[in-house]
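Engineer: Have a look at this one.
The values are calculated or read from the model by the stated rules, or taken from the named source; none is laboratory data. Nothing here was measured: the structure is a model prediction, and the numbers come from that model. Don't worry about glycine lacking a Cβ; one is built from the backbone with ideal geometry, like all the others, and counts go over all protein chains shown.
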Amino acid sequence: MKLEIPLNPYDSCRLLAINLYSYVENPFTPDSYFNTGKFFKHVIYAQRLMDDLVDLEIEKLDKIIDKIKSDPEPYSVKEVELDLWTNIRDKAIRGRRTGLGITGEGDMLAALGLRYGTTEATKQSESIHKNMAIQSYISSIIMASERGSFTVWDKDKDLESDFIVRILGKLPNTIKNIWATEGRRNIGNLTIAPTGTVSLMTQTTSGIEPVFLVTYKRRRKTDDPSKCVFKDEVGDMWEEYNVFHPKFKVWFDTNKMGQFGIEYKELEELTDSELAEIIKLSPYYKATSADVDHFEKIKMQGAIQKWIDHSISMTTNVPKETTQETVDEIYRLAWESGCKGATIYRDGSRSGVLVSDTSTTESEIVYVDSPKRPKTLEVDIYTKKVLGKEWTVLVGLLKGKPYEVFALPQFEHIEFNKNITKGTLTKEGKQKYKLRGIHSSKEYVIDNIIKYMSPDEQFQTRDFSRSLRHGQHPKHIISDIDKSSYISSFRRVISRVLKNYLSNEDVSDSCPNCKSSLTFESGCKTCKECGWSACG
């Protein structure tokens, strides 16, 4: 089971995931079966636990609200925060919304001898989720007779809901009679969250997803030359080894005795060709995220959605060569199947996400040493006012590209700031940089710019400069600053100045007015068509 924070604080919805694999008796054998009796009992308990957690949440909300009320600030200062938490508390009480879900669906199907992405597997999954929904609503209705229904429950509105009517049609008459007079305890019961972290803990597939990969390779250092497959730039030797999906190992250990037609070996001892033949014999063959039947996967999501009152998290992974027409078919099928939402990831559509090992170049981090700093660098000088504070920003250039950056409060010499935009920056010792600029044939010199900076500004200067020197593109530094919840005048002025060094190719946004492509002018996103500017 899994407990998480709300997806949306206004929903006040707690999440708990039941591991479906744990209900398969005799997994990966001809005698395997799903223990429905134990599953039904646990769903009843889990729904009650979910409702108890709503009470605990309300208690915590009361404490937060009391704390805000007792704070010494005037009401006008704390009004917004008080309204927010009061609103959250009101939603929690009015709906008592819960998020009971599952994980390990892919492993549950494999343990029953079913291949994910087949009609038989979809029927099994739909049956389990239908029974889970029924038991969850039985639990919620019984709790309504014991504890009261959620405050906005309305029998007539229930009967207008196709989902509720579908559930009522499967309930025993005794439970339907209780519902008719007492209502339900929870406005919504069920969801299927991604459960990525909890699947690592349970060593199962995530949510209703199939296994991502049955096996993949990793590297570790070795002192044995015979095992070395890669030697890095410092001479360290590395060997490769296979990492296996945990439940695939369970399948192998359960079935390996004399059935695979190979000499007895441990899974880790198999060659790649032997391993490929073993995978073909397993229920995980052709059932990974990359090679599962995409259309049957969408049908499975739609079949399960009929018994889930909230939404389902599921991603359909498709190959790089997938056409636009196929993507269109998948989305249309999702709509026709009754899915509340659908996500498609096409291999290679975003760099650095779900990297495949089928490309011709190996994906790995490349460490880059910075070029040595010349004693003197050309420097661009900017004067900017950000969040009410004026700054002098210096960008040292190596072959025209930013090599280092300094931001310091505006110099006392106002003429220097406003008129000089070019100069040189000479390193004369540890933490000592001399700035020299010329305007109207007159030279202006600052002997040591570091003394004008606070310790924190010096630290952040070294941090940004280190990133530039080691090859990080300015757009990534800008993105990190702009996305950060830590807002300071210093960081904002660095972001604004570095935007002067981006090309139009670095801008992927479109104009909010006319949807034309944006370009950079003077460090600001600008539309050539209608004149819109991000800087106002």
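Engineer: Here are Ser356, Ser370: which of them is farther than 21 Å from Ser495 by Cβ and at pLDDT below 80? Spell out how you get there, then give the answer.
Structural biologist: Details: Ser370 fails: at pLDDT below 80.
The match here is Ser356.
Engineer: Any residue in region 156-163 that is among the small types (Gly, Ala, Ser), in contact with a helix residue (DSSP H, G or I) (Cβ under 7 Å, 6 or more places away or on another chain) and in the same structural domain as Tyr45 (by TED's automatic domain parsing)? Walk me through how you get there before you give the answer.
Structural biologist: Initially, region 156-163 is screened for residues among the small types (Gly, Ala, Ser), giving 161.
Okay, now just the ones that are also in contact with a helix residue (DSSP H, G or I) (Cβ under 7 Å, 6 or more places away or on another chain), so none.
There is no residue in region 156-163 that is among the small types (Gly, Ala, Ser), in contact with a helix residue (DSSP H, G or I) (Cβ under 7 Å, 6 or more places away or on another chain) and in the same structural domain as Tyr45 (by TED's automatic domain parsing).
Engineer: Here's a follow-up. Tell me, please, whether a residue that is touching a residue at least 60 places away in the same chain (Cβ under 8 Å), touching a strand residue (DSSP E or B) at 6+ places or on another chain (Cβ under 9 Å), buried (at least 17 other Cβ atoms within 10 Å of the Cβ) and on the phi > 0 side of the Ramachandran plot can be found in region 96-106.
Structural biologist: Taking region 96-106 first, the residues touching a residue at least 60 places away in the same chain (Cβ under 8 Å) are 96-106.
Restricting the remaining residues to those that are touching a strand residue (DSSP E or B) at 6+ places or on another chain (Cβ under 9 Å) gives 97-106.
Still in the list and also buried (at least 17 other Cβ atoms within 10 Å of the Cβ): 97-106.
This time we only want the ones that are on the phi > 0 side of the Ramachandran plot, so: 104.
Looking for residues that are touching a residue at least 60 places away in the same chain (Cβ under 8 Å), touching a strand residue (DSSP E or B) at 6+ places or on another chain (Cβ under 9 Å), buried (at least 17 other Cβ atoms within 10 Å of the Cβ) and on the phi > 0 side of the Ramachandran plot, one finds at least one in region 96-106, hence yes.
Engineer: Oh, and also: Would you point out which residue out of Ser149, Ser136, Ser125, Ser140 is among the hydroxyl-bearing types (Ser, Thr, Tyr), assigned by TED's automatic domain parsing to the domain that holds Ala287 and under 24 Å from Phe212 (Cβ atoms)? Write out each step before concluding.
Structural biologist: Numbers: Ser149 fails: under 24 Å from Phe212 (Cβ atoms); Ser136 fails: under 24 Å from Phe212 (Cβ atoms); Ser140 fails: under 24 Å from Phe212 (Cβ atoms).
Matching residue, one of Ser149, Ser136, Ser125, Ser140: Ser125.
Engineer: Another question, if that's okay. Among (1) of a type outside the set (Lys, Arg); (2) surrounded by fewer than 12 Cβ atoms within 10 Å (Cβ to Cβ); (3) modelled with pLDDT of 85 or more; (4) under 27 Å from Asp480 (Cα atoms), where does Gly429 come up short?
Structural biologist: Among (1) of a type outside the set (Lys, Arg); (2) surrounded by fewer than 12 Cβ atoms within 10 Å (Cβ to Cβ); (3) modelled with pLDDT of 85 or more; (4) under 27 Å from Asp480 (Cα atoms), Gly429 violates only (4).
Engineer: Now for a separate question. Which of (1) of a type outside the set (A, V, I, L, M); (2) modelled with pLDDT under 95; (3) under 30 Å from Tyr21 (Cα atoms) does Asp71 not meet, given it meets every other one?
Structural biologist: (3)
Engineer: Then there's this: Considering region 126-142 alone, what residues qualify as being surrounded by fewer than 22 Cβ atoms within 10 Å (Cβ to Cβ) and more than 20 Å from Ile192 (Cβ to Cβ)?
Structural biologist: Residue satisfying the conditions is Ile142 alone.
Engineer: I've got another one for you. Residues of region 324-351 being surrounded by 14 or more Cβ atoms within 10 Å (Cβ to Cβ), assigned to a loop (DSSP other than H, G, I, E, B) and at pLDDT below 90, which ones?
Structural biologist: Asp347, Gly348, listed by residue number.
Yes or no, residue by residue, for (1) modelled with pLDDT under 95; (2) crowded, with 17+ Cβ neighbours inside 10 Å:
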| position | (1), (2) |
| --- | --- |
| Asp11 | yes, yes |
| Arg14 | yes, yes |
| Leu20 | no, yes |
| Tyr23 | no, yes |
| Tyr33 | no, no |
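Engineer: So, in region 203-252, exactly how many residues are among the hydrophobic types (A, V, I, L, M, F, W, C), over 30 Å from Ile18 (Cβ atoms) and in contact (Cβ under 8 Å) with a residue 24 or more places away in the chain? Steps first, answer last, please.
Structural biologist: Restricting attention to region 203-252, the residues satisfying the condition of being among the hydrophobic types (A, V, I, L, M, F, W, C) are 208, 211-214, 228-230, 234, 237-238, 243-244, 248, 250-252.
Filter once more, keeping what is over 30 Å from Ile18 (Cβ atoms): 228-230, 234, 237-238.
Those left that are additionally in contact (Cβ under 8 Å) with a residue 24 or more places away in the chain: none.
The number of residues fulfilling the criteria is 0.
Engineer: Continuing with this model, one more query. Do you know which residues across region 297-318 are in a loop (DSSP other than H, G, I, E, B) and of a type in the set (Ser, Thr, Tyr)? First the steps, then the outcome.
Structural biologist: Going residue by residue through region 297-318, those that are in a loop (DSSP other than H, G, I, E, B) are 306-311, 313-314.
Within region 297-318, Ser311, Ser313 qualify.
Engineer: Kindly provide the set of residues from region 440-464 that are among the hydroxyl-bearing types (Ser, Thr, Tyr) and in contact (Cβ under 8 Å) with a residue 40 or more places away in the chain, ordered by number. Break it down stepwise before answering.
Structural biologist: Looking only at region 440-464, we keep the residues that are among the hydroxyl-bearing types (Ser, Thr, Tyr), and these are 440-441, 444, 452, 454, 461.
Hits for region 440-464 are Tyr452, Thr461.
Engineer: Tell me, please, whether a residue that is within 30 Å of Gly169 (Cα to Cα) and either at pLDDT below 90 or not in a loop (DSSP other than H, G, I, E, B) (or both) can be found in region 282-296.
Structural biologist: The first filter runs over region 282-296 and keeps only residues within 30 Å of Gly169 (Cα to Cα), leaving 295-296.
Now restrict to residues that are either at pLDDT below 90 or not in a loop (DSSP other than H, G, I, E, B) (or both): 295-296.
Yes - at least one qualifying residue is present in region 282-296.
Engineer: Here is a follow-up. Return only the number of the condition from (1) modelled with pLDDT of 85 or more; (2) within 30 Å of the chain's Cα centre (by Cα); (3) among the acidic types (Asp, Glu) that Glu240 does not satisfy.
Structural biologist: Status for Glu240: all satisfied but (1).
Engineer: For region 76-84, does any single residue satisfy the condition of being closer than 30 Å to Gly101 by Cα and either surrounded by 12 or more Cβ atoms within 10 Å (Cβ to Cβ) or modelled with pLDDT of 95 or more (or both)? Lay out the reasoning, then the answer.
Structural biologist: Within region 76-84, the first condition is being closer than 30 Å to Gly101 by Cα, and the residues that meet it are 84.
Adding the requirement that they be either surrounded by 12 or more Cβ atoms within 10 Å (Cβ to Cβ) or modelled with pLDDT of 95 or more (or both) leaves 84.
Among the residues of region 76-84, at least one is closer than 30 Å to Gly101 by Cα and either surrounded by 12 or more Cβ atoms within 10 Å (Cβ to Cβ) or modelled with pLDDT of 95 or more (or both), which makes the answer yes.
Engineer: On the basis of being at pLDDT below 70, assigned by TED's automatic domain parsing to the domain that holds Gly388 and either closer than 22 Å to Val386 by Cα or not in a loop (DSSP other than H, G, I, E, B) (or both), does Ile487 make the cut?
Structural biologist: Working: at pLDDT below 70: yes; assigned by TED's automatic domain parsing to the domain that holds Gly388: yes; either closer than 22 Å to Val386 by Cα or not in a loop (DSSP other than H, G, I, E, B) (or both): yes.
Yes, satisfied.
Engineer: A follow-up question, please. Of the conditions (1) β-branched (Val, Ile, Thr); (2) touching a strand residue (DSSP E or B) at 6+ places or on another chain (Cβ under 6 Å); (3) free of Cβ contacts under 8 Å to residues at least 24 places away in the same chain, Thr271 clears all except one; give me its number.
Structural biologist: Among (1) β-branched (Val, Ile, Thr); (2) touching a strand residue (DSSP E or B) at 6+ places or on another chain (Cβ under 6 Å); (3) free of Cβ contacts under 8 Å to residues at least 24 places away in the same chain, Thr271 violates only (2).
Engineer: Select from region 456-498 the residues that are farther than 16 Å from Pro371 by Cα, surrounded by fewer than 20 Cβ atoms within 10 Å (Cβ to Cβ) and touching a strand residue (DSSP E or B) at 6+ places or on another chain (Cβ under 6 Å) and list them in ascending order.
Structural biologist: Ser489, Arg492
Engineer: Looking only at region 174-217, which residues are over 23 Å from the mean Cα position of the chain (by Cα) and more than 20 Å from Trp153 (Cβ to Cβ)? Let's see the steps before the verdict.
Structural biologist: As a first pass, look at region 174-217 and keep what is over 23 Å from the mean Cα position of the chain (by Cα): 174-189, 217.
Hit for region 174-217 is Lys217, nothing else.
Engineer: Here is a list of conditions, (1) in a helix (DSSP H, G or I); (2) touching a residue at least 40 places away in the same chain (Cβ under 8 Å); (3) surrounded by 18 or more Cβ atoms within 10 Å (Cβ to Cβ), and Trp179 meets all of them except one; can you say which number that is?
Structural biologist: Failing condition for Trp179: (2).
Engineer: Ok, one more. Out of Val165, Val152, I need the residue that is free of Cβ contacts under 8 Å to residues at least 24 places away in the same chain and either hydroxyl-bearing (Ser, Thr, Tyr) or over 29 Å from Ser22 (Cβ atoms) (or both). Which one?
Structural biologist: Working: Val152 fails: free of Cβ contacts under 8 Å to residues at least 24 places away in the same chain.
Unique residue meeting the criteria: Val165.
Engineer: Now a separate question. Given (1) modelled with pLDDT of 95 or more; (2) touching a helix residue (DSSP H, G or I) at 6+ places or on another chain (Cβ under 7 Å); (3) within 19 Å of Gln305 (Cβ to Cβ), identify the lone condition not met by Arg166.
Structural biologist: Of (1) modelled with pLDDT of 95 or more; (2) touching a helix residue (DSSP H, G or I) at 6+ places or on another chain (Cβ under 7 Å); (3) within 19 Å of Gln305 (Cβ to Cβ), only one is false for Arg166: (2).
Engineer: Name the residues in region 174-214 that are among the polar types (S, T, N, Q), within 30 Å of Tyr241 (Cα to Cα) and touching a helix residue (DSSP H, G or I) at 6+ places or on another chain (Cβ under 7 Å), would you?
Structural biologist: Of everything in region 174-214, those that are among the polar types (S, T, N, Q), within 30 Å of Tyr241 (Cα to Cα) and touching a helix residue (DSSP H, G or I) at 6+ places or on another chain (Cβ under 7 Å) turn out to be Gln203, Thr204, Thr205, Ser206.
Engineer: In the set His310, His294, which member is within 30 Å of Gly95 (Cβ to Cβ) and either of a type in the set (A, V, I, L, M, F, W, C) or in contact (Cβ under 8 Å) with a residue 24 or more places away in the chain (or both)? Steps first, answer last, please.
Structural biologist: Numbers: His294 fails: within 30 Å of Gly95 (Cβ to Cβ).
Being within 30 Å of Gly95 (Cβ to Cβ) and either of a type in the set (A, V, I, L, M, F, W, C) or in contact (Cβ under 8 Å) with a residue 24 or more places away in the chain (or both) holds for just one of His310, His294, which is His310.
Engineer: Suppose the filter is modelled with pLDDT of 90 or more, surrounded by fewer than 19 Cβ atoms within 10 Å (Cβ to Cβ) and of a type in the set (Asp, Glu); does Glu321 pass it? Break it down into steps so the answer makes sense when it comes.
Structural biologist: Values: modelled with pLDDT of 90 or more: no; surrounded by fewer than 19 Cβ atoms within 10 Å (Cβ to Cβ): yes; of a type in the set (Asp, Glu): yes.
Spelling it out, it is not the case that Glu321 is modelled with pLDDT of 90 or more, surrounded by fewer than 19 Cβ atoms within 10 Å (Cβ to Cβ) and of a type in the set (Asp, Glu).
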